[in-house]
Amino acid sequence: MVMRDQEVEYLILAVNDDSSIMPGNIQARVACRILHLTCNLGHQRAIAVGLAHLADLEDFDAVVVMDADGEDKPEYLPALIAQHLANPRSIIVARRDKRSEGNTFKLGYRLYQFIFGLFTGRKLPFGNFCLLPQEAAKRLVYQESIWNHLAATVLRSRFDLVMLPTERGNRYAGESSMNLSSLVLFGLSAISVYSDIALVRTLFASFILSLGAVATITVATFWKLFTDMATPGWASTVVGSMLIIVLQCLVVSVSLLFIILSNRSQRGFVVARNYSDYVLEITDTQISP
């Protein structure tokens, strides 16, 4: 075990996201707790419930979030702990320098990264694999956005980030359920963390597009009235098309303004206060000799 030489005490918390294969009477050599959820929430919300459960505990220094399927390599745990000891108030994130998925998934992931940057102006080079100090864990579970996307919430938090270069591992068994549809939803969930910034950027893009349409109308009108080179019917077609664009931009702008104002006045879901509604059972494993 990679933690055998580490002078730390630790508890393994496994979140059972309403799996169809229920674990039996597990015996382990270390303390292990299983959090059984009432229904399938998806991996992001399952992580949020697990963090909220741990945040209620007082006797821990840090939390490591990682997949249990082997894609997040346990070999990097000592490096995460070492970085935490050197930067005790920072969040240590595992930057993905190399992935193990197929080319199709890699292409989709690059597209997701591009769209995320386009709407937010930020880069998100890491996923769920990270180390959260106690202060960060207790504060992040009060962020409404953690219910949708942990990594984007960490990126937007005011905590300092220390990036540890890592390689994505191979699954112990089975295949990932992440397909194109789930990747699109995953990307939209990340953008939703920056929904206010994404809406403002879309508003600016709509404004610039409408200015371009107005400029085109002005040029077409000038060309029609003051030159003899205009093709009959050309100016009317251009002006009509540009007026439609201006009208659509106006509708989009007004709608986005109402959405922004509405989101700022609404109270969202706080996982720290409501996570217990999704916990069906908590079981502690028997420690074998």
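The values are calculated or read from the model by the stated rules, or taken from the named source; none is laboratory data. The shown structure was predicted, so the numbers you read here are calculated from the model rather than taken from an experiment. With ideal geometry, Cβ positions are generated from the backbone for all residues, glycine too; neighbour counts draw on all protein chains shown.
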**Q.** Residue that is surrounded by the fewest Cβ atoms within 10 Å (Cβ to Cβ) [pool: residues in the range 259-289 that are at pLDDT 80 or above and more than 22 Å from the chain's Cα centre (by Cα)]
**A.** Asp277
Q: Working only within the range 110-162, note down all residues that are of a type in the set (Val, Ile, Thr) and touching a Ser or Thr at 6+ places or on another chain (Cβ under 6 Å).
A: Ile146, Thr153, Val162
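Which residue, of Phe186, Phe129, Phe119, is farther than 30 Å from Asp56 by Cβ and buried (at least 17 other Cβ atoms within 10 Å of the Cβ)?
Result of the check over Phe186, Phe129, Phe119: Phe119.
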Q) Where in the range 35-124 are there helices (runs of 4 or more DSSP H), lying fully within it, with 2 or more residues that are more than 30 Å from Glu7 (Cβ to Cβ) and at pLDDT below 95? A) 43-55, 103-120
Q: Can you confirm whether the range 23-31 contains a residue that is surrounded by 13 or more Cβ atoms within 10 Å (Cβ to Cβ), among the β-branched types (Val, Ile, Thr), at pLDDT below 90 and not in a helix (DSSP H, G or I)?
A: yes
Q.
Name the single residue that is farthest from Arg45 (Cα to Cα) among those in the range 125-147 being part of a helix (DSSP H, G or I) and hydrophobic (A, V, I, L, M, F, W, C).
A. Ala136
Q. So, of the residues in the range 148-175 that are in a helix (DSSP H, G or I) and touching a residue at least 60 places away in the same chain (Cβ under 8 Å), which turns out to be farthest from Asp67 (Cα to Cα)?
A. Val154
Q. Can you find a residue in the range 257-264 that is part of a helix (DSSP H, G or I), hydroxyl-bearing (Ser, Thr, Tyr) and farther than 30 Å from Ala31 by Cα?
A. yes
